Amino acid sequence: MARNILVVAEVRNGQLRPVSFECIAAGRAIAEGGSVTAVLLSQADVDGSELIARGADRVVLVKGEHLKEYTPDGWLSALQQVYLAEKADVVLMGHTGIGRDLLPRFAMRNAAGMISDAIAVKLEGGQVVFTRPIYAGKAYVTQIVTEGLIVATIRPNNVAALEADAGRSGDVVQSEAAPVDLRTVVKEVVRQAATGVDLTAAKIVVAGGRGVKSAEGFKPLYELAEVLGAAVGASRAAADAGFCDYALQIGQTGKTVTPDLYIACGISGAIQHLAGMSASKVIVAINKDPEAPIFKVADYGIVGDLFEVVPLLTREFKALLG
Amino acid sequence: MEILVLLKQTFDTEAKVTVKDGRVVDDDVTLVINPYDEYAVEEALKIREAHGGTVTVISVGGDRVDEALRRALAMGADEAVAITPPENADEFVVANLLAAWAKGKSFDLLLAGNVSVDTGAGQTALRVAELLGMPHVAAALKLEVAGGTATVHRDAEGDTEVVTVSLPALITAQQGLNEPRYPSVPGIMKAKRKQIARLTAADLGVDVAPKTAITSVYQATQNRRNRMLGG
Ligand SMILES: Cc1cc2nc3c(=O)[nH]c(=O)nc-3n(C[C@H](O)[C@H](O)[C@H](O)COP(=O)(O)OP(=O)(O)OC[C@H]3O[C@@H](n4cnc5c(N)ncnc54)[C@H](O)[C@@H]3O)c2cc1C
Ligand SMILES: Cc1cc2nc3c(=O)[nH]c(=O)nc-3n(C[C@H](O)[C@H](O)[C@H](O)COP(=O)(O)OP(=O)(O)OC[C@H]3O[C@@H](n4cnc5c(N)ncnc54)[C@H](O)[C@@H]3O)c2cc1C
């Protein structure tokens, strides 16, 4: 059965987000001859060609003054308009801050089933089957939407994006979003002085725990992150102690991350912390206690003082990466 | 302020997850109020303390949710409602049940958790807002209500957005919003005497089929190198 796929693409800091390309790849894998359309809501400076190169057949650029900033009312109304015009069978978006805010309401508006935070999508006997973690990754389910529109968010870093192919061609069309009353108003956005790398989508995460001892103690971690192009994360104990913002917290009551490389510094490895990072591809742990449980889940363990080991790693990587 | 808190009972975060016969075993597991929903209960109580009104807690689940509801009552909630879910109730069904109960009851504020720590879809509360035609603000780190408007500091992927929303609205709690209180002994005694209303889908006139199905459940396997490097 041919399926028409609609991917809600996202821009962050002026760049298309990699997870949007991953959603296009997921869409291609289940389209069975249908088309993949990427939609961008009011991203004035993106021309859409990169989405075509990454596997979309068409791009719809939706303009509207009220779409510049994300609001549930503005974006939902615009998405609904495009969805009805495109007659999509499947709507996909990254499991990002916006994706998890927008798609549940979109699914409900259309009385549709939704799969959240999928880490894999495949066809099985003509059916679209999603895999998603439950109990913060202690178990997994495979899940299907039994009838009608399929809505899903895809976790960043899990589905491989297609290589960019500049030879691909496709239409880029513009559309205008109808105005809508906004019941929520964004007054201010306070940007965190982090590395600028989005934690949940980062390929490398350098995380600090209580062992980091103070806000000042995070400095060497930021320096390592800078060299590696990594995001900085934290354990709850570090956030509770005020060493860093809760936004950095990784774990069962924090963010879930699946980077290629996770470097845990001064983190003991409590079960609630592991829940948020144990699906990372490679885990390195630095801890002065050789009995720390984090070593049981680590690929590489370094027993030592993080204030010696981390700056050493920073120097080594700096030399290595040139 | 009439406040409704959507509360889910979840596995204790320490709980070991075992899959048997295609199901997650929950017989011997300690169940708790979903940690995010505990923030929601606390925030509701704080708002009531400042502005007056009532706090009602509602949960969709089997008999065991009474424990979670009773804890919320012991913390200080005024009323509790339990709804028995039909078989295989997914987020679509659960949201329909919650919205059917809340409809027409003129709550000023609905509070919920950002996500549940077990099945973690993060859909249910936002679906309820949609069904009730209410605006929502998710992942609140700070909440102030005054004169029919809520001002919310919300977590937007690490950045903090300051958002205003007109009430009635649904707001979900992010970690950092507050520090939930422990139930006091008088609170526990009082909660024991309170009735928990229990309703079924039929009582609410809800007859919807789930939109999703789980086709398999399996346990995570670990494959780590466990190599120690010289310190
Ligand atoms: C309901 C609930 C939810 C929770 N959710 C989360 C969550 O989402 N995320 C989370 O992380 N936690 C969560 N927790 C808390 C969790 O149980 C642990 O308390 C927490 O993860 C511990 O953080 P930590 O490893 O940084 O601190 P600790 O356990 O105190 O470990 C500090 C480690 O640093 C090491 N160390 C100290 N100094 C140095 C040094 N100089 N060099 C190297 N190593 C050093 C020590 O050996 C120790 O192993 C939750 C708990 C509960 C009850
Ligand atoms: C196919 C399928 C079949 C299922 N079958 C069953 C079943 O037979 N029996 C069963 O009990 N569960 C069943 N579930 C699980 C149930 O649907 C979910 O637990 C529920 O929909 C909530 O979703 P969530 O846990 O992802 O919560 P989230 O959407 O992550 O929760 C977000 C917030 O919504 C509110 N909320 C969520 N759930 C409830 C609730 N139950 N009551 C009040 N407020 C709530 C809370 O404030 C919570 O913090 C099934 C799920 C699926 C997908």
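The values are calculated or read from the model by the stated rules, or taken from the named source; none is laboratory data. This is a predicted model, so every value here is computed, not measured. As a convention, Cβ positions derive from the backbone with ideal geometry for all residues, glycine included, and neighbour counts pool all protein chains shown. The area values use the complete protein model at the heavy-atom level, side chains included, leaving out ligands, DNA and RNA. Shrake-Rupley method; radii C 1.70, N 1.55, O 1.52, S 1.80 Å.
For the stretch B:213-231, a residue qualifies if it is facing chain A (nearest Cβ under 7 Å) and either more than 27 Å from A:Tyr135 (Cα to Cα) or under 21 Å from the mean Cα position of the chain (by Cα) (or both), and the qualifying residues are B:Arg227, B:Met228, B:Leu229, B:Gly231. Screening B:Asp108, B:Asp155 for residues that are closer than 25 Å to A:Tyr135 by Cβ, touching a residue at least 12 places away in the same chain (Cβ under 8 Å) and among the acidic types (Asp, Glu) leaves exactly one candidate, B:Asp155. For the stretch B:105-144, the candidate set comprises residues that are more than 7 Å from chain A (Cβ to nearest Cβ), more than 16 Å from ligand 1 (Cβ to nearest atom) and in a strand (DSSP E or B); within that set, the residue that is surrounded by the fewest Cβ atoms within 10 Å (Cβ to Cβ) is B:Glu144. Only one of the listed residues (A:Ala231, A:Ala247) is within 13 Å of chain B (Cβ to nearest Cβ), more than 16 Å from ligand 2 (Cβ to nearest atom) and under 15 Å from A:Ile283 (Cα atoms). That residue is A:Ala231. Touching a residue at least 12 places away in the same chain (Cβ under 8 Å), more than 12 Å from ligand 2 (Cβ to nearest atom), closer than 20 Å to B:Val17 by Cβ and outside any helix (DSSP H, G or I): does that describe A:Thr131? Answer is yes for this residue. Residues that are surrounded by 23 or more Cβ atoms within 10 Å (Cβ to Cβ) and not charged (D, E, K, R) were ranked within the stretch B:145-155; the one that is farthest from ligand 1 (Cβ to nearest atom) is B:Ala150. Picking from residues in the stretch B:8-32 that are within 11 Å of ligand 2 (Cβ to nearest atom) and open to solvent by 10 Å² or more (accessible area, probe 1.4 Å), the one that is modelled with the lowest pLDDT is B:Asp26. Of all the criteria given as (1) open to solvent by less than 20 Å² (accessible area, probe 1.4 Å); (2) facing chain B (nearest Cβ under 10 Å); (3) of a type in the set (Gly, Ala, Ser), the one not satisfied by A:Ala111 is (1). The condition of being more than 8 Å from every other protein chain (Cβ to nearest Cβ), part of a loop (DSSP other than H, G, I, E, B), touching a residue at least 40 places away in the same chain (Cβ under 8 Å) and open to solvent by less than 50 Å² (accessible area, probe 1.4 Å) does not hold for B:Leu199. In summary, helices (runs of 4 or more DSSP H) completely within the stretch A:207-322 and bearing 1 or more residues that are within 7 Å of ligand 1 (Cβ to nearest atom) and open to solvent by 30 Å² or more (accessible area, probe 1.4 Å) occur at A:236-240, A:271-277, A:306-321.
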